[in-house]
Every structure is written in C-alpha cells, then in structure tokens.
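Participant: The structure is given below, and queries will be raised subsequently.
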Amino acid sequence: GGGQWQNKSMPERWTVSYGALTFNIKPMNFKHTGLFPEQAANWDFARQQIRNAGRPVSVLNLFAYTGGATLAARAAGADVTHVDSVKPVVSWAGENMTLSGLSGVRWIVEDALRFVRREVRRGRRYRGILLDPPAYGRGANGEKWVLEDNLCEMLECCAQLLEPEDSFLVLNLYSMGLSSTLARTAVHQAFGAPAGEQWGELCFEDRAGKQLPLGTYYRMMR
C-alpha cells in the first residue's frame with residue numbers, strides 16, 4: 001500500500017555492480033530498489049548453463065523486472081527475450097543493459113502468460129527459461145495474474161517452449177510461504193522428472209552468521 005524511506009541522507013539513485021554487470025538503483029515507495037541481490041545465485045547458475053552449452057542458447061526471461069537475469073544471460077552469450085508487463089520497468093532494464101556495456105536484448109512489454117500462449121502457437125523453442133512470478137499482478141492490457149490460479153498453466157506452456165534436451169529452467173517463488181518442494185512438484189507435473197535439479201531457499205547471511213530467507217528456488221537441467 002505504499003510507504004516511505006526514513007534514511008534522509010539516501011541519494012535519489014546510484015549504481016551497483018556485480019561482476020561486469022552494472023545496475024541503476026533507486027528507492028521506491030513500495031520498498032523495492034530495482035534489484036534483488038539474492039537472485040545472483042540464479043544468475044550464476046544460468047551463466048554456467050549457457051557457457052557450458054557449447055552451442056547457441058536462446059533464453060526467455062518472464063516477469064523479468066529490471067533485467068538482472070536478462071543481463072547475466074546476455075553477458076554469457078545467450079540470445080535473450082525479456083518479458084515484463086510494466087513499460088517503465090522494461091525501460092529501466094534497458095538502462096541497465098547500456099550501463100553494463102551490452103546490447104541485443106529482445107524487449108517485450110506484455111502480460112507474460114499471454115506471451116507464452118502465443119509463443120506456443122508459433123512453435124517457438126528456448127534452451128533456457130527463467131520465471132520469477134509475483135503473487136499478484138496486472139498485465140500491460142489489464143490482464144490479471146494470480147499465482148495460485150495461473151502458475152500451472154504457465155508451467156504447462158513453458159514445458160512446450162523448452163527444448164527437450166540440453167536446456168534449463170529456473171523458477172522463483174517469493175509469495176505466500178510457498179515451499180521449494182511445492183515448486184519442484186509443480187515443475188515435475190508439467191515437465192516430468194529432469195536429468196538434474198536443485199531446490200531450496202535463497203538467503204542472505206548477516207555479519208553474525210544468521211541467515212535471512214528471501215524466497216525459494218527450483219532449478220532444472222535437461
């Protein structure tokens with residue numbers, strides 16, 4: 001419902017880097033800053049899969065926000081399609097691409113589920129799919145996304161888009177206390193049992209060694 005930042009000395013915007021990637025950061029009134037650093041573990045996973053492929057890799061990044069995973073995949077050499085329903089956020093991702101010295105990303109401003117339905121009809125295939133769906137959201141034309149209602153259809157569409165061999169999937173679940181075991185079960189229902197998989201919690205560790213859980217992940221390799 002909105003809010004405000006209490007640190008009055010905070011700049012209006014600044015940049016941070018992760019390896020060769022650079023991102024614009026700015027505090028927003030719904031607690032975001034434009035980057036979720038815990039996702040770096042998933043970026044590293046995607047980069048490793050792309051670099052180890054030994055062939056051209058096309059990656060679809062859905063609910064792609066300001067492009068952390070998009071830029072990590074692009075920097076590793078993939079052809080990336082970046083899909084998000086919020087035009088200013090996609091523009092922000094474009095700024096991050098320029099800051100990172102990259103180019104060539106395919107930008108799509110559209111509801112993610114609507115986009116994958118159309119890609120299925122077109123017979124498109126990708127070697128990597130990255131999914132970071134919210135609990136609730138609105139598409140570019142007012143489409144309603146509800147995670148509990150739409151996730152299974154989204155995964156079924158992605159199962160038709162992902163190459164059957166030498167491919168990978170990353171799914172994040174931040175919402176409603178959903179577990180990584182649930183994510184694994186949902187992916188298995190849509191894709192079948194994979195050749196390799198990883199699942200667990202994304203965490204930050206503070207200076208005292210305490211871990212702060214920030215969401216769950218599931219990663220699949222074919």
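Participant: When the range 142-193 is examined, which residues are found to be charged (D, E, K, R) and farther than 19 Å from residue 60 by Cα? So that I can check it myself, show each step before the final result.
Facilitator: Of the residues in the range 142-193, the ones charged (D, E, K, R) are 143-144, 148-149, 153, 156, 163, 165-166, 184.
Once the filter is applied, which keeps residues that are charged (D, E, K, R) and farther than 19 Å from residue 60 by Cα, the range 142-193 yields 143, 144, 148, 149, 184.
Participant: Need pairs with beta-carbon distance below 8 Å; first residue touching a residue at least 40 places away in the same chain (Cβ under 8 Å) and within the range 177-201, second of a type in the set (A, V, I, L, M, F, W, C) and open to solvent by less than 80 Å² (accessible area, probe 1.4 Å); sequence gap 6+ or separate chains.
Facilitator: Pairs found: 198/45.
Participant: With the range 1-113 as the region, which strands (runs of 3 or more DSSP E) entirely inside it contain at least 2 residues that are surrounded by fewer than 17 Cβ atoms within 10 Å (Cβ to Cβ) and of a type in the set (Val, Ile, Thr)?
Facilitator: Here the list reads 14-18.
Participant: Hey, does the range 154-169 have a residue that's under 19 Å from residue 38 (Cβ atoms), open to solvent by less than 30 Å² (accessible area, probe 1.4 Å) and in a loop (DSSP other than H, G, I, E, B)?
Facilitator: no
Participant: Does residue 124 satisfy being open to solvent by 30 Å² or more (accessible area, probe 1.4 Å) and either among the small types (Gly, Ala, Ser) or out of contact with any strand residue (DSSP E or B) (no Cβ under 9 Å at 6 or more places or on another chain) (or both)?
Facilitator: Judged against the criteria, residue 124 is not a match.
Participant: Of everything in the range 26-69, what is free of Cβ contacts under 8 Å to residues at least 60 places away in the same chain and among the β-branched types (Val, Ile, Thr)? Give them in sequence order.
Facilitator: 33, 66
The values are calculated or read from the model by the stated rules, or taken from the named source; none is laboratory data. Because the structure is predicted, anything quoted here is derived from the model rather than measured. Note that each Cβ is placed from the backbone with ideal geometry, even for glycine, and that neighbours are counted across all protein chains shown. For accessibility, only protein heavy atoms count, side chains too; no ligands or nucleic acids. Shrake-Rupley method; radii C 1.70, N 1.55, O 1.52, S 1.80 Å.
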